[in-house]
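Asks: Sending over a structure as structure tokens; questions will come in a sec.
The values are calculated or read from the model by the stated rules, or taken from the named source; none is laboratory data. Keep in mind that this is a model prediction, so the values were computed, not measured. All Cβ positions, even for glycine, are placed from backbone atoms using ideal geometry, and neighbour counts span all protein chains on display. The accessibility values were calculated without ligands, DNA or RNA, using every heavy atom of the protein model including side chains. Shrake-Rupley method; radii C 1.70, N 1.55, O 1.52, S 1.80 Å.
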Amino acid sequence: MRILVTGAEGMLGSALCPALRKKGHEVWATDIDASNRSIQHMDVRNYGNVKEVIERSRPDMVMHLAAKTDVDKCELEPDDAYLSNTIGTQNIALLCQKHDIEVVYVSTIGVFDGNKSEPYTEFDEPNPINVYGKSKLGGERVIQDLLRRFYIIRSCWMVGGGPDKDKMFVAKIARLLDKTNELKVVNDKIGSLTYTMDFSECVADLIETGYYGLYHCTNRGYASRYEIALRIVEFLGRSDVVVKPVSSAHFPLPAPRGRSEASRNYKLELLGIDKMRPWDEALKEYLEKEWKAKKS
């Protein structure tokens, strides 16, 4: 297939594009930041720009990764969040509807309120409590309303890209270890990690099935931020570091967060195609192969 990827310059795109090429697909990589010569400029917020690129590339599928993912910035700048995450997705969906193009939309477990005691599955009802979650759920609904052939794939607590691209929780903790030997990390928020390499391989396999629909795709199991920080310290060989658990009240943030973003890949399990590894196994590989190697 010829696959157009939005947000290809980001931490997920840097893993997904090679995974698709490995499967023999022709990848048309796009991003609002086209500093890389192999990536075509496209701003999903601009319908005319999206129209021009899609009609020139004529893809069989669009993998829509482009999004505003900084939860607190989305809360502070809601217009930008909805323009990018909801209207941008509508621009993609309308043009894919017009040209009968399949769509993969990467969404988030953040569409839930975080109150459930068990991990969330595809059969739970979304109820987002912050602007980021609402804007991404808006994108899901646009895809479901306008298209027949689509995959909506929810991830959570993404990790990948190494020091160059990773700006998420794991990278923040790893960078702090260069500055201090004492960390304070919240222990009252839990979630499931998603390693970009594992996610990309899973998506590359899923699109070959033609089994359209909504999926969760995270690494197996879940943990608190504190438990994850302990593993990061262990895997990076920093036995000198002390990690202290604190409540989330210790770090007040603009956007509200639910207690839980724990996820279960229930539909992938039922279909017998869940190949996602346990989160700590994936984290260990990431830190050893993509973090230590790129920093040395």
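Asks: Given the criteria surrounded by 14 or more Cβ atoms within 10 Å (Cβ to Cβ) and of a type in the set (S, T, N, Q), does THR180 qualify?
Replies: In short, no.
Asks: Let me ask something else. Those residues that are in contact (Cβ under 8 Å) with a residue 60 or more places away in the chain and either open to solvent by 50 Å² or more (accessible area, probe 1.4 Å) or in a helix (DSSP H, G or I) (or both), I need them from the range 89-110; list them, please.
Replies: Listed by number, the residues that qualify are ILE92, ILE109, GLY110.
Asks: Okay, moving on. Considering only the range 182-193, I want to know if a residue exists there that is under 17 Å from the mean Cα position of the chain (by Cα) and of a type in the set (Val, Ile, Thr).
Replies: To start, the set of residues in the range 182-193 that are under 17 Å from the mean Cα position of the chain (by Cα) comprises 190-193.
From the residues that got through so far, the ones that are of a type in the set (Val, Ile, Thr) too are 190.
Yes, that holds for at least one residue.
Asks: Right, here's the next one. On the given criteria, is LYS289 of a type in the set (Lys, Arg), modelled with pLDDT under 95 and in a loop (DSSP other than H, G, I, E, B)?
Replies: no
Asks: When you scan the range 1-80 for helices (runs of 4 or more DSSP H) that lie fully inside it, which ones turn up with 1 or more residues that are more than 22 Å from the chain's Cα centre (by Cα) and of a type outside the set (Lys, Arg)?
Replies: In the range 1-80, the matching helices (runs of 4 or more DSSP H) lie at 47-57.
Asks: Quick one: which of GLY138, GLY133 is in contact with a Gly (Cβ under 6 Å, 6 or more places away or on another chain) and either buried (at least 23 other Cβ atoms within 10 Å of the Cβ) or at pLDDT 95 or above (or both)?
Replies: Of GLY138, GLY133, the one residue that is in contact with a Gly (Cβ under 6 Å, 6 or more places away or on another chain) and either buried (at least 23 other Cβ atoms within 10 Å of the Cβ) or at pLDDT 95 or above (or both) is GLY133.
Asks: May I ask you to list the residues in the range 67-88 that are of a type in the set (Lys, Arg) and either closer than 17 Å to ASP31 by Cα or surrounded by 17 or more Cβ atoms within 10 Å (Cβ to Cβ) (or both)? Break it down stepwise before answering.
Replies: Let us first name the residues in the range 67-88 that are of a type in the set (Lys, Arg), namely 68, 73.
Scanning the range 67-88 gives a single hit, LYS68.
Asks: Moving on. Is it true that ASN115 is at negative phi and surrounded by 18 or more Cβ atoms within 10 Å (Cβ to Cβ)? Lay out the reasoning, then the answer.
Replies: Working: at negative phi: yes; surrounded by 18 or more Cβ atoms within 10 Å (Cβ to Cβ): no.
So ASN115 fails the test.
Asks: Could you please let me know if ARG148 is open to solvent by 30 Å² or more (accessible area, probe 1.4 Å), within 19 Å of TYR215 (Cβ to Cβ) and either in a loop (DSSP other than H, G, I, E, B) or in contact (Cβ under 8 Å) with a residue 24 or more places away in the chain (or both)? Lay out the reasoning, then the answer.
Replies: Working: open to solvent by 30 Å² or more (accessible area, probe 1.4 Å): yes; within 19 Å of TYR215 (Cβ to Cβ): yes; either in a loop (DSSP other than H, G, I, E, B) or in contact (Cβ under 8 Å) with a residue 24 or more places away in the chain (or both): yes.
Taking the combined requirement at face value, the residue satisfies it.
Asks: Moving on. Touching a strand residue (DSSP E or B) at 6+ places or on another chain (Cβ under 6 Å) and either surrounded by fewer than 22 Cβ atoms within 10 Å (Cβ to Cβ) or hydroxyl-bearing (Ser, Thr, Tyr) (or both): does that describe HIS25?
Replies: yes
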